[in-house]
Amino acid sequence: MSHIELKTAIPGPNSLQVLERRKNALPSGLAKSTEVVVERADGAVVYDVDGNSLLDFAGGIGMINVGHSNAAVVNAIKTQVDKYIHTCSLVTTIEPYIELAELLNSLTPGDFPKKTLLANSGSEAVENAVNIAKYYTKRNAVLCFEGAYHGRTTLTLSLTSKYSLFKKGLGSFVTDVYRIAAPSMYRKIEGMTDEQYIDYCIKKFDEAMIAQVDPEALAAIIIEPIQGEGGFLQIPARYLQKIRTVCDKYGIVMIADEIQCGAGRTGKFFAIEHTGVVPDIICSAKSIGAGMPISAVTGKAAIMDAPHLGGVGGTYGGSPVACVAAIETIKILQSEAFLSRSVQVGETIRATLETWKDKYGIIGDVRGVGAMRLVEFVKSRETREPDMEVALEVIKDATSKGLILIRAGLFSNCIRLLPPIVITDEQLAEGLSVLEGAIARADEKRK
């Protein structure tokens, strides 16, 4: 049975009408990866306004790990809406806020008391985390990494890499932000073993603490354990341990941005759990809300308590409707059954992608952890020169055949695979077949 059913071209006539309205009503800077116009969605399937059904391998950029319209989440939202929608946590006490905080406090790594602040987006979570770290340390400097994506507010955009796509024309940016290269095992220095390259990266980190910023001036070091927008680069455990050691030595707050790589995507609730490194603060968002706008900053109680009374918070932070959705979502995400399924989905994708790497010369690398997987396209395997045009071509082709995808990577030359973990084996196989067909056609053109 095919789960992809195409009754019209993508986009069809009804979609074209809505896309024309979008063009006239929304700013042109609001990009879109596909021309799919959604009518409804369920599990891993998206239905458009022309009656087509497509498989979703983008998952709202990793926002839908438990699947579209998860019944437990939808029922929790409906029940809460019948009680009350919001009264503002700055005015009243909202019990779902407390329950969600307690749940996150219990799941976050670290044998120490923790507290959680809720907000509405990943950007807000990162902004709050950095500001809390500054308040706690009484310092201003922050260290971040090339390839990182942390958000679009002034502070988080200052931390974000990939200048031309996200930052061009939007400065000035926050001062006292320092950026160094993140380890990239695919583009390691030629002739080095993996361990030698990690040693080299650690040496460059130490040099940055002399050449760029004194560690005693740093309030925080923020890093994604697996870079999302940067191209699913897993930061080596030894490098993360180096950061942890430096933070301990100099009283720096270590912040892990788990907004895309967390929430059960990699087979652990948090990706950093694969390394044994315990950060001081973890930022969560995206899939913890199953599509509802909610984010969290969870960290050591002593750090989280640092700002003065009234120093944190916002009107919509901790919306009870979003909170009950997140509570039900996290109950699913942290379960052994879900995490096991994440590993299974990831292994199926990994095994399939490895065969593609052998067959298609336009593929330079396939990588990832758990069900967070990616294909990187290059013009030459020898030079590893990025090919962003082929990534676009493959997405356009695959979407026309019923598969929703989105790019990634510092050079925008990668396709990330973030299907809902609830995807069935049959749906996963069908989607991978569609993607391979698009890659095969692009590869043939370049022979």
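Overview of values
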{"item": "Single residue of the stretch 242-278 satisfying the filter (touching a residue at least 60 places away in the same chain (Cβ under 8 Å) and not in a loop (DSSP other than H, G, I, E, B)) that is farthest from Ser121 (Cα to Cα)", "result": "His274"}
{"item": "Complete set of residues in the stretch 307-345 that are buried (at least 19 other Cβ atoms within 10 Å of the Cβ) and either more than 25 Å from His274 (Cα to Cα) or modelled with pLDDT under 95 (or both)", "result": "Gly317, Gly318, Ser319, Pro320, Val321, Ala322, Cys323, Val324, Ala325"}
{"item": "Yes/no for Ile281 being within 19 Å of Ser123 (Cα to Cα), modelled with pLDDT of 95 or more and more than 15 Å from the chain's Cα centre (by Cα)", "result": "yes"}
{"item": "Checklist (1) closer than 14 Å to Gly122 by Cα; (2) of a type in the set (Val, Ile, Thr); (3) part of a helix (DSSP H, G or I) applied to Val297, failing item", "result": "(3)"}
{"item": "Selection status of Ala58, surrounded by 23 or more Cβ atoms within 10 Å (Cβ to Cβ) and in contact with a Lys or Arg (Cβ under 8 Å, 6 or more places away or on another chain)", "result": "yes"}
{"item": "Test: Glu190 is part of a helix (DSSP H, G or I) and charged (D, E, K, R)", "result": "no"}
{"item": "Test set (1) closer than 30 Å to Val246 by Cβ; (2) touching a residue at least 60 places away in the same chain (Cβ under 8 Å) - Gly60 fails condition number", "result": "(1)"}
{"item": "Residue count for the stretch 315-334, restricted to those that are out of contact with any strand residue (DSSP E or B) (no Cβ under 6 Å at 6 or more places or on another chain) and either outside any helix (DSSP H, G or I) or basic (Lys, Arg) (or both)", "result": "5"}
{"item": "Where a residue in the stretch 126-140 is under 13 Å from Ile222 (Cβ atoms) and its partner, wherever it lies, is among the polar types (S, T, N, Q) and surrounded by fewer than 24 Cβ atoms within 10 Å (Cβ to Cβ), with Cβ under 7 Å and at least six apart", "result": "Glu127/Thr153; Lys134/Asn140"}
{"item": "Selection count, the stretch 381-420, where residues are closer than 14 Å to Ala58 by Cβ and of a type in the set (S, T, N, Q)", "result": "1"}
{"item": "Residue match in the stretch 234-255 (condition: of a type in the set (S, T, N, Q), within 23 Å of the chain's Cα centre (by Cα), more than 17 Å from Leu159 (Cβ to Cβ) and surrounded by fewer than 20 Cβ atoms within 10 Å (Cβ to Cβ))", "result": "yes"}
{"item": "Residue count for the stretch 411-431, restricted to those that are crowded, with 22+ Cβ neighbours inside 10 Å and closer than 15 Å to Tyr186 by Cα", "result": "2"}
{"item": "Residue in the stretch 143-154 that is farther than 30 Å from Lys204 by Cα, modelled with pLDDT of 95 or more and either of a type outside the set (Ser, Thr, Tyr) or assigned to a loop (DSSP other than H, G, I, E, B) (or both) present", "result": "no"}
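So that you can scan it fast, the table gives a plain yes or no per residue for (1) outside the structural domain of Ile221 (by TED's automatic domain parsing); (2) crowded, with 20+ Cβ neighbours inside 10 Å; (3) farther than 22 Å from Arg244 by Cβ:
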{"position": "Asn120", "(1), (2), (3)": "no, yes, yes"}
{"position": "Glu127", "(1), (2), (3)": "no, yes, yes"}
{"position": "Asn131", "(1), (2), (3)": "no, no, no"}
{"position": "Tyr135", "(1), (2), (3)": "no, no, no"}
{"position": "Asn140", "(1), (2), (3)": "no, no, no"}
{"position": "Glu146", "(1), (2), (3)": "no, no, no"}
{"position": "Thr154", "(1), (2), (3)": "no, no, yes"}
{"position": "Leu159", "(1), (2), (3)": "no, yes, no"}
{"position": "Lys162", "(1), (2), (3)": "no, no, yes"}
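The values are calculated or read from the model by the stated rules, or taken from the named source; none is laboratory data. What you are looking at is a predicted structure, and each value in this text was computed from that prediction instead of being measured. Here Cβ is always computed from backbone atoms with ideal geometry, including for glycine, and neighbour counts include all displayed protein chains.
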